[in-house]
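Student: A single structure is presented below for examination.
The values are calculated or read from the model by the stated rules, or taken from the named source; none is laboratory data. The structure presented is a predicted model; accordingly, all values stated were derived computationally and were not measured. Note that each Cβ is placed from the backbone with ideal geometry, even for glycine, and that neighbours are counted across all protein chains shown. Areas reflect the complete protein model, heavy atoms only, side chains present, ligands, DNA and RNA absent. Shrake-Rupley method; radii C 1.70, N 1.55, O 1.52, S 1.80 Å.
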Amino acid sequence: MISIDNLSIEFNARSLFDDVSYVINPKDRIALVGKNGAGKSTMLKILAGLQQPTRGQVSMPRGTTVGYLPQVMVLSDQRTVMEEAEKAFEAIHAMKDEIERLRKEMEERTDYDTAEYHELIDRFTYLNEQFLMVGGTNFRAETERTLTGLGFSREDFDRPTSEFSGGWRMRIELAKLLLQHPDVLLLDEPTNHLDIESIQWLERFLASSANAVVLVSHDRAFINNVTNRTIEIECGHIYDYKVPYDQFVTLRQERREQQRRAYENQQKQIQDTEAFIERFRYKATKAVQVQSRIKQLAKLERIEIDEEDNSLLRLKFPPAERSGDFPLICEEVRKDYGAHTVFKDVNLTIRRGEKVAFVGKNGEGKSTLVKCVMGEIPFEGRLTVGHNVKIGYFAQNQAQLLDGELTVFDTIDRVAVGDIRTKIRDLLGAFMFGGEASDKKVKVLSGGERTRLAMIRLLLEPVNFLILDEPTNHLDMRSKDVLKEAIKAFNGTVIVVSHDRDFLEGLVTKVYEFGGGRVREHLGGIYEFLQKKQIECLNELQTPAGNQKKDGHFSEKAAAESGKSGSENPKSLSYEEQKERNKRLKKLEKEVKECEQAITELESAIAILEARMATPEGSADLSLYEKHGNMKKQLDKTVDNWEKAAEELENFHKGE
């Protein structure tokens, strides 16, 4: 589909890429990986046609469409959420307007026998068929599904985009991109502004509906679930692995070991050759051999090894005084903004040494409760911070509190104590401030760089209660591993507000779910929570809505009725069995929907055909009658398929 041939990029006499070649095929799901500064975002810009290479070319078939989502975008605030999302269908809107114009012209004209009128009918028929083919009758429903999947409620559809934060407006741009169904989708850190549910929805969408995908992401779980191919950018070259990320890590380690051995062998060969040249340089009888060895060295392609420091950096929090047994207790805590209740009846107790996660959709109150704990906003109820608790708080505005006149190194040097002072540059390198970057002044750093620097400062403070609000958004995989290991070794209490499943896995032992104005406690890790949530969702699908309480729990009557319907009680099924039932349900729903859409399109096409047959010219065209008969047979068959699928779906819901 897209061919990248001998691509080279140079910046300030430094080669970023050197003669890179590869091909993007239909249905490829490619993860671009590499350390920061390796050129991943630059590669996406070149594929999107926004940047030209120094040498080489990007070739693609004529008519290939490319959709690109950068990390930072200039966003418009002139429309509602729905209006902005529907800009993805501007071509369909133009086609619809043209069809309507042709329809009016056909109604007004009476020269039925002229060639011009027949051309008008042909043009109208062609456009209408194209309109139906591209889904012109159901794009509104598709837009609603996509926006809902990305976390918007129906009440949000008519709200101006100016009322939403930058992260939510990025979701609108992502929705527009997905709705266009480009041949190649280029995504640069698409999960930074998504919650766990939206990330899971995006994973399913990319797996089932997208064509070719090339993405850059530091969310290990996301790229493992989406991609089937990994391209590593390293030292100006690429290494192409036809496997997902986890398998790539293993294969890369094997390749690097082979690379290291080849490098050592080559270095020995070079040393032996240089020793031979030096030994016989001035002997006339060896002049030919010496010149031959010199030419060999000149032609030798030197093996490069990864410049990244792969040594394991272990970071420990400085010791702090022991806190009380219960660092945080909430009793009937409630927060309202005007008539809107963010949450109510929050009762939770966090014990010393616990590591817990706050999860849920954006806007459900995770950060709001953290601000209540920090005393930044008023609330109702009782919130008790325990004895001798020293809180280390990381939020987005922490970056704004840094001294802009200090360098990156000095900012950390002023808070570092003990042995860590000897490893400041290693620590800065682990968080992408290696080399000259450590000498930059804070005031020239980007927002993401300031955020990372604030995180490093927090890691060096003597605290016994950590509260981290979305700490991984601007960290690469190595930095996240350093942070995660430090938190796991931390003997204090931790609250993490995050959507990064891989980061939370093995780190937290309790999950608090925010949603619907409530905060619910779930014991276990993040994947246990997600598995439990999926089973609960499946059970809700199989239980009549009228038998549910308002808070989403089943009544005893509902549970009893659920147990009676069908041969198996859904709650007794294993996770895999529940997953299989849900898969079957989605397949039936999709089949019914596709049949309904096909029926609508066929009926419209038949109506257009009958309009042509009603003209004097059309009535004499036997091919139209044959086409009409075939379409009627196809319609009857589709209706039969729809009836069978609808009946099967109804029986499924009944548990039969």
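Student: Calculate the dipole size of the chain relative to its Cα centre from +1 charges on Lys and Arg beta carbons and -1 charges on Asp and Glu beta carbons; express the result in debye to the nearest 20.
Tutor: With only Lys, Arg, Asp and Glu charged at Cβ, the dipole is about 3100 debye.
Student: When each pair of different Cα atoms in the chain is counted once in the 1/r mean, what is the Kirkwood radius in angstroms, to one decimal?
Tutor: After inverting the mean inverse Cα-Cα distance, the result is 29.7 Å.
Student: Say the cut-off is 28 Å between C-alpha atoms; which of Lys316/Lys532; Lys35/Lys510; Lys176/Lys587; Lys344/Lys590 go over it?
Tutor: In this structure, Lys316/Lys532; Lys35/Lys510; Lys344/Lys590 exceed 28 Å between Cα atoms.
Student: In terms of the Cα gyration tensor, with a ≥ b ≥ c the square roots of its eigenvalues, is the range 215-326 rounded because a/c is under 1.5, prolate because a/b exceeds b/c, or oblate?
Tutor: Working: a/c = 4.90, a/b = 2.06, b/c = 2.38.
Note, shape of the range 215-326 comes out oblate.
Student: Would you mind getting the accessible area per residue of the chain, heavy atoms of the protein chains only, 1.4 Å probe, in Å²?
Tutor: Numbers: 34410 Å² over 656 residues.
About 52 Å² of surface per residue is accessible.
Student: At 222 nm, what value in deg cm²/dmol follows for the chain if DSSP H runs of at least 4 each add -39500 (n - 2.57) and the sum is divided by all its residues, to the nearest 500?
Tutor: The helix-only estimate for the chain comes to -14500 deg cm²/dmol at 222 nm.
Student: Applying the Karplus parametrisation 6.51 cos²θ - 1.76 cosθ + 1.60 with θ = phi - 60° to the phi angles of the range 634-644, what ³J(HN,Hα) value in whole Hz is obtained for each residue in order, glycine and proline being reported as x?
Tutor: Listing the rounded values in order: 5, 5, 4, 5, 5, 4, 4, 4, 5, 4, 5 Hz.
Student: From the phi angles alone, apply the Karplus equation (6.51, -1.76, 1.60; θ = phi - 60°) to the range 255-269 and give each ³J(HN,Hα) in whole Hz, x where the residue is Gly or Pro.
Tutor: Ordered by residue, 3J(HN,Hα) equals 5, 5, 5, 5, 5, 5, 5, 5, 5, 5, 5, 5, 4, 5, 4 Hz.
Student: For the range 167-233, what are Rg and Dmax over the alpha carbons, in angstrom?
Tutor: Spelled out, the Cα radius of gyration and Dmax of the range 167-233 are 11.3, 31 Å.
Student: Here is a further query. Determine the shape class of the range 151-295: with a ≥ b ≥ c the square roots of the Cα gyration tensor eigenvalues, call it rounded for a/c under 1.5, and otherwise prolate if a/b is greater than b/c, oblate otherwise.
Tutor: Note, shape of the range 151-295 comes out prolate.
Student: Past 31 Å, Cα to Cα: identify those pairs from Lys583/Lys637; Lys40/Lys583; Lys96/Lys593, in the order given.
Tutor: Lys40/Lys583
Student: Can you list the equivalent-ellipsoid semi-axes of the range 449-533, largest first and in whole Å, using the square root of 5 times each Cα gyration tensor eigenvalue?
Tutor: That gives 23, 14, 13 Å for the three semi-axes.
Student: Further question on the same structure: At 1.4 Å probe size, with the rest of the protein present, what percent of the exposed accessible area of the chain is carbon and sulfur atoms?
Tutor: 48 percent
Student: Which value, in debye to the nearest 20, describes the size of the charge dipole of the range 210-352 about its Cα centre when Lys and Arg Cβ atoms bear +1, Asp and Glu Cβ atoms bear -1, and nothing else is charged?
Tutor: Dipole about the Cα centre, nearest 20: 860 debye.
Student: Turning to a different aspect of this structure: Within straight cross-link reach of Lys423, meaning Cα distance under 13 Å, which aspartates and glutamates are found once same-chain residues fewer than 8 apart are removed?
Tutor: Asp413
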